[in-house]
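A.B. asks: One structure is given below, represented as structure tokens, and several questions about it will come after.
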Amino acid sequence: MAAGARVVLLGPPGAGKGTQAKLLEEKFAAPQISTGDILRKAVAEQGDLGKRASEYIRRGELVPDQLIIDLVAERLKEKDCEKGFVLDGFPRTIAQAQGLEELLKKMGLALNCVLSVQVPHELIVERLSGRRTCKGCGALYHVVFDPPKAAGTCNRCGGELFQRDDDRAETISNRLKVYEDQTAPLVSYYRERSLLKSIDGVGKVEDIGKRMIQALGDVAA
Ligand code: AMP
């Protein structure tokens, strides 16, 4: 099998996938591919994809599978994915997982690990409702657990921090339900394929990152 980290981060919204994907990206020189980030950018640019996706995102529903699979297929063809990738927020349904398997097969590749991040429900709601994102560079903060040095301003690039529309209480509960119904079945799907490793997602960002790197062991070396 080709060398490189080909990893999926699986877990509910607020499990810390985005934060950890950024750490793994640095550690393994394998790009974070966040379908949520790609879609939010498309919505901001108001192109065809953005227009099709915006209503689903606003309601906390999933964007149709084929749209997402096509988007990931394009992204995986880019040069920076040759050394691997960290998928964040994809796949989110069994159909997407099957689509991914086919895509990779055509490229002569396969996943080498799926990290399933475990976080208790109460903590998820607390994390999501306090989450803030930088408009400039996409860095993530939390108003209590990881506040920026100056309120509302990114430490890294000085950009303005904002709260995602779908991180508001009304939408959070729908996103969690969608996760339970449509995404949680992927845990068994990947366990049956012997790809699943469970990670305790509670604690300091660095400690959770260490657990992931340890779990990846030499699969991603
Ligand atoms: P995220 O940033 O991963 O929480 O994604 C934000 C929103 O984008 C989700 O609530 C969905 O509406 C949409 N989305 C992101 N990734 C996917 C996916 N793999 N399949 C379907 N919809 C997605």
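The values are calculated or read from the model by the stated rules, or taken from the named source; none is laboratory data. A quick note: this is a predicted structure, and the numbers were derived from the prediction, not measured. Because the Cβ atoms are built from the backbone with ideal geometry, glycine has one as well, and the counts that use them run over all protein chains shown. These area figures cover heavy atoms from the full protein model, side chains too; ligands, DNA and RNA do not enter into them. Shrake-Rupley method; radii C 1.70, N 1.55, O 1.52, S 1.80 Å.
A.B. asks: Show the residue pairs that are 6+ apart or on different chains and have beta-carbon atoms under 7 Å apart, the first residue being within the range 83-99 and within 22 Å of Phe28 (Cβ to Cβ) and open to solvent by 10 Å² or more (accessible area, probe 1.4 Å), the second being part of a loop (DSSP other than H, G, I, E, B) and more than 9 Å from the ligand (Cβ to nearest atom).
C.D. replies: If the second residue must be part of a loop (DSSP other than H, G, I, E, B) and more than 9 Å from the ligand (Cβ to nearest atom), the pairs left are Lys83/Gly4; Lys83/Ala29; Lys83/Ala30.
A.B. asks: Still on this structure, I have one more. Quick check: is even one residue across the range 52-72 away from the ligand (no atom under 14 Å from the Cβ), charged (D, E, K, R) and farther than 18 Å from Leu140 by Cβ?
C.D. replies: no
A.B. asks: To continue, here is another question. Anything in the range 19-45 that is closer than 26 Å to Glu61 by Cβ, surrounded by 21 or more Cβ atoms within 10 Å (Cβ to Cβ) and of a type outside the set (Val, Ile, Thr)? List them, or say none.
C.D. replies: Passing the criteria: Gln20, Ala21, Gln32, Ser34, Leu39.
A.B. asks: Condition first: within 12 Å of the ligand (Cβ to nearest atom) and among the charged types (D, E, K, R). Now tell me which residues in the range 165-202 satisfy that.
C.D. replies: Of everything in the range 165-202, those that are within 12 Å of the ligand (Cβ to nearest atom) and among the charged types (D, E, K, R) turn out to be Asp165, Asp166, Asp167, Arg175, Lys177.
A.B. asks: Could you go through the range 45-67 and let me know if any residue there is of a type in the set (Ser, Thr, Tyr), touching a residue at least 24 places away in the same chain (Cβ under 8 Å) and either assigned to a strand (DSSP E or B) or under 29 Å from Val125 (Cα atoms) (or both).
C.D. replies: No: zero hits.
A.B. asks: Condition (residue is acidic (Asp, Glu) and at pLDDT 95 or above) applied to the range 42-50: is it met by at least one residue?
C.D. replies: no
A.B. asks: Give the range 137-177 a look and list any residue that's of a type in the set (Ser, Thr, Tyr) and surrounded by 13 or more Cβ atoms within 10 Å (Cβ to Cβ), or say none.
C.D. replies: Within the range 137-177, Tyr141, Thr153, Thr171 qualify.
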